[in-house]
Amino acid sequence: MYRLHRLLRPNPANLFLARLLERHPRLNRWFTEAEKQVKGAAFGCRMCGQCALPATGYACPMTCPKQLRNGPCGGVSATGGCEVYPDTQCVWVTAYERTETEGRVSDLTLLQRPIDHREWGKSSWINYWQGRDEGLWTEDDGLTRTHLVLTDLRAGGPQE
Amino acid sequence: MSSPEQGRLRAALRSGRFAVTAEIGPPRGADAQAIVGKADLLRDWVDAANITDNQGSHTRLASWAGSILAMRSGVEPVMQLTTRDRNRIALQSDLISAGAVGIPNVLMLSGDHPTFGDHPDAMPVFDLDSVQLIWTARLMRDQGRLLSGKPVRPAPQWLIGAVENPFAPPLRFRAQRMAKKVAAGAEFIQTQFVFDLEIFSRWMGEVTDLGLEKRCGVIAGVGPIRTVRAMEFMQSKVPGIHIPDQVVRRLRGVTSDQVAAEGMALCVETIEALREMTAVAGVHVMAFGQEHVVPELLERAGVPPRTATAPSATAGSNREDHDAR
């Protein structure tokens with residue numbers, strides 16, 4: 001999965017494609033629908049439009065009934081079951097197991113910023129290729145930055 | 001009304017004095033006396049009491065209102081705030097309000113899912129998660145800004161609290177999850193019930209390896225089990241409570257009229273063991289519906305009443321490295 005992700009990394013070609021798609025609503029709709037089908041089948045994607053998969057061992061945090069993006073809640077059962085759907089494994093238990101196997105547990109320690117609910121239903125790939133996702137998570141503990149929780153992407157940044 | 005800077009809990013964590021917090025569950029009715037009565041029982045024995053936020057997703061009097069009632073009764077509140085019922089607008093609004101009325105401590109958590117409560121048909125909000133809410137609170141207090149970037153003047157001055165469950169999978173990630181909360185701004189952490197000292201000690205070891213106890217007071221959750229039925233309820237109906245087999249055997253091994261006494265003895269032993277652990281900053285006593293036993297519990301465990309250790313803003317620090325506010 002991590003290898004596959006390399007193909008998706010922003011590059012001039014997909015940046016061009018993303019800009020093209022945004023100029024053509026019908027193409028954009030088809031493309032977004034294709035993303036929905038592919039990622040829905042593979043990860044249970046809910047189309048939040050701000051994909052966290054590369055930092056969560058490809059376990060989608062939006063499938064968590066509480067949509068927790070920073071790790072598991074305290075209600076996980078002794079067998080690793082979800083608090084709400086006991087027969088389903090907690091998505092964060094899955095994320096931990098996968099990142100541990102891959103030696104990437106440190107991914108889970110990144111602070112995930114609040115999502116922008118206006119992005120639901122939009123293509124996260126188009127956002128990603130245009131660099132709009134760059135502020136989704138941070139290694140920074142927030143002590144040195146002035147607007148630590150705010151995404152830098154938000155227009156204008158802090159305002160008076 | 002004590003000013004937040006001189007809060008008892010803050011003073012206890014700062015000085016390294018063993019802190020005691022308890023829990024006041026608000027009533028379902030418009031009944032101020034329900035809070036006052038519990039506050040009267042706890043006043044002399046606790047540094048602060050959590051006012052729960054619609055615990056178990058059951059609708060109750062609001063935690064901000066309970067916090068004001070507790071303050072009027074001379075008990076310092078810890079206002080709990082869950083992300084379950086409010087979006088970021090309402091959460092930040094409640095945090096500003098808490099600052100304005102002088103609530104000295106706030107504690108942020110995601111909260112039980114609505115399916116567990118009296119309105120399983122309710123919309124689960126979860127706009128932010130607990131880490132994001134802690135982060136937001138620190139942004140508001142330390143940088144005087146909302147998530148939108150708008151200024152908050154004057155900035156609220158509460159102490160920021162969080163929770164952690166050392167007993168829920170993935171166990172090896174739990175200390176790191178606490179680290180995320182500390183990085184986001186948590187200054188004290190209350191844990192789920194400690195019935196399994198072995199798992200707790202292992203988690204505490206990881207916490208100290210990460211140096212978290214120096215930045216954030218770890219307050220261990222404890223509580224007496226009253227009946228076998230209560231124990232079974234905790235095991236089957238309350239998410240995230242782990243009761244090890246030896247505890248189950250011990251409580252089932254006595255006659256039914258002796259369970260309450262055995263549960264008390266077990267809790268006293270747990271508090272004594274926690275006091276021996278230097279990295280543990282205090283205990284959080286959760287005694288739902290049996291607040292009257294809290295004084296006896298603490299006394300038997302050798303934790304003196306707070307009146308005997310009245311906090312002083314000028315008290316010398318005996319834990320120099322402790323930089324909790």
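For region B:110-175, the per residue solvent-accessible surface stands at 32 Å², with DNA, RNA and ligands left out and a 1.4 Å probe. Shown here for region A:66-131: chymotrypsin sites (Phe, Trp or Tyr not before Pro) in loop regions (DSSP other than H, G, I, E, B) with at most 16 other Cβ atoms within 10 Å, namely A:Trp120.
In this structure, the residue pairs whose Cα-Cα separation is over 21 Å, taken from B:Lys150/B:Lys181; A:Lys66/B:Lys180; A:Lys66/B:Lys237, are B:Lys150/B:Lys181.
Rg and Dmax of the protein assembly as shown, based on Cα coordinates, read 23.1, 76 Å.
Under 17 Å of direct C-alpha separation, and excluding same-chain neighbours fewer than eight residues apart, A:Lys39 reaches these lysines: A:Lys122. Out of every Cα-Cα pair that region B:48-130 contains, those further apart than 15 angstrom amount to 54 percent. Result for chain B in a Gaussian network model with C-alpha springs under 10 Å: among B:Arg72, B:Arg17, B:Arg153, the largest mean-square fluctuation is at B:Arg153. Among B:Gly102, B:Gly211, B:Gly16, the largest mean-square fluctuation in a Gaussian network model of chain B (Cα springs under 10 Å) belongs to B:Gly211.
Solvent-accessible area lost on pairing A with B (1.4 Å probe, both sides summed) amounts to about 3600 Å². Report summary: the helix-based calculation at 222 nm, which adds -39500 (n - 2.57) for every DSSP H run with n ≥ 4 and divides by the residues of the protein assembly as shown, gives -11000 deg cm²/dmol.
Per-residue accessible area (protein heavy atoms, 1.4 Å probe) orders B:Glu164, B:Glu198, A:Glu22, A:Glu102 as B:Glu198, A:Glu102, A:Glu22, B:Glu164, starting from the largest.
For region B:4-305, DSSP calls about 5 percent of its internal beta bridges antiparallel. Interface burial in region B:183-206 reaches 10 Å² or more for B:Ala183, comparing the full protein assembly with the chain by itself; accessible area from heavy atoms with a 1.4 Å probe.
Full extension of the chain between B:Ala62 and B:Arg252 yields a length gain of 64.7 nm, computed as 0.36 nm times the residue separation minus the alpha carbon distance. Gaussian network model of chain B, Cα springs within a sub-10 Å range: biggest mean-square fluctuation belongs to which of B:Val152, B:Val20, B:Val207? The residue that fluctuates most here is B:Val152.
The values are calculated or read from the model by the stated rules, or taken from the named source; none is laboratory data. These numbers come from a predicted model, not from an experiment. Cβ sites come from the backbone with ideal geometry, for glycine too, and all protein chains shown count toward neighbours. The area values use the complete protein model at the heavy-atom level, side chains included, leaving out ligands, DNA and RNA. Shrake-Rupley method; radii C 1.70, N 1.55, O 1.52, S 1.80 Å.
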